[in-house]
Amino acid sequence: SAVLGAVAAARGAGCLPATPLYFFFALLLAFTAWQMWPREGAGWLERRLARVSASRARVARGAAVGAGIVSGMLGVGGGILNTPVLHLVLGLPFPRAVATSAYMIGMTAAAGALVYVARGDVAASLVTAAMLGTLAGAVPAALGGHRISARWLRGVFSLLLVFVAYHMVRRGLAG
């Protein structure tokens, strides 16, 4: 479902102004960083989801489509949103959410990238280089990631979200 969202969004991205998308994405990332920050007990979103009458799987499916749409619109990997969905919504342990998201990133990013390459917006050689770089980093991370504290990983991930949000605001102001 995230792949379909990414393809649809990538096709429509050329028709929408980018500046509001950057600001929306920055706000979404900042909220997600706040929810992902390691703390004792459940965060606001986790408490709210515990009271949702719909199944968590349906909520996660909808969030995956949303992540695919955002990824396709902005040309970013969906993992930055899929990891929190898998962890906060579905309740996967954080290391498992990261690993599952890595698989989803490849599917979503490849789908969106193909549309951008077909439209001539991106050079295929750059997509290939990014894919190989991701693979080169993913293998050692997968082999050694279990040795790192999940709490520490959540903190680092939250800071990464804030960093990307900052750059989205900068892009929005520049555009």
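Of note:
- Any chance F163 is within 22 Å of F25 (Cβ to Cβ) and either touching a helix residue (DSSP H, G or I) at 6+ places or on another chain (Cβ under 6 Å) or open to solvent by less than 60 Å² (accessible area, probe 1.4 Å) (or both): no
- Single match in V115, V85, V59, V122 (criterion: of a type in the set (V, I, T), over 12 Å from the mean Cα position of the chain (by Cα), modelled with pLDDT of 75 or more and open to solvent by less than 40 Å² (accessible area, probe 1.4 Å)): V115
- Filter result for L4 (part of a helix (DSSP H, G or I), touching a helix residue (DSSP H, G or I) at 6+ places or on another chain (Cβ under 6 Å) and either under 24 Å from S149 (Cβ atoms) or modelled with pLDDT under 70 (or both)): no
- Index of the failed condition, G68 passing every other in (1) farther than 23 Å from L159 by Cα; (2) modelled with pLDDT of 70 or more; (3) buried (at least 20 other Cβ atoms within 10 Å of the Cβ): (1)
- Where A113 falls short, out of the listed (1) free of Cβ contacts under 8 Å to residues at least 12 places away in the same chain; (2) farther than 25 Å from G43 by Cβ; (3) hydrophobic (A, V, I, L, M, F, W, C): (1)
- Selection count, region 132-175, where residues are free of Cβ contacts under 8 Å to residues at least 24 places away in the same chain and within 16 Å of the chain's Cα centre (by Cα): 3
The values are calculated or read from the model by the stated rules, or taken from the named source; none is laboratory data. These numbers were taken from a predicted model, which means no experiment stands behind them. Methodologically, a virtual Cβ is constructed for each residue, glycine included, from the backbone with ideal geometry; neighbour enumeration extends over all protein chains shown. The protein model used for the area step is the full one, side chains on, heavy atoms only, and it has no ligands, DNA or RNA in it. Shrake-Rupley method; radii C 1.70, N 1.55, O 1.52, S 1.80 Å.
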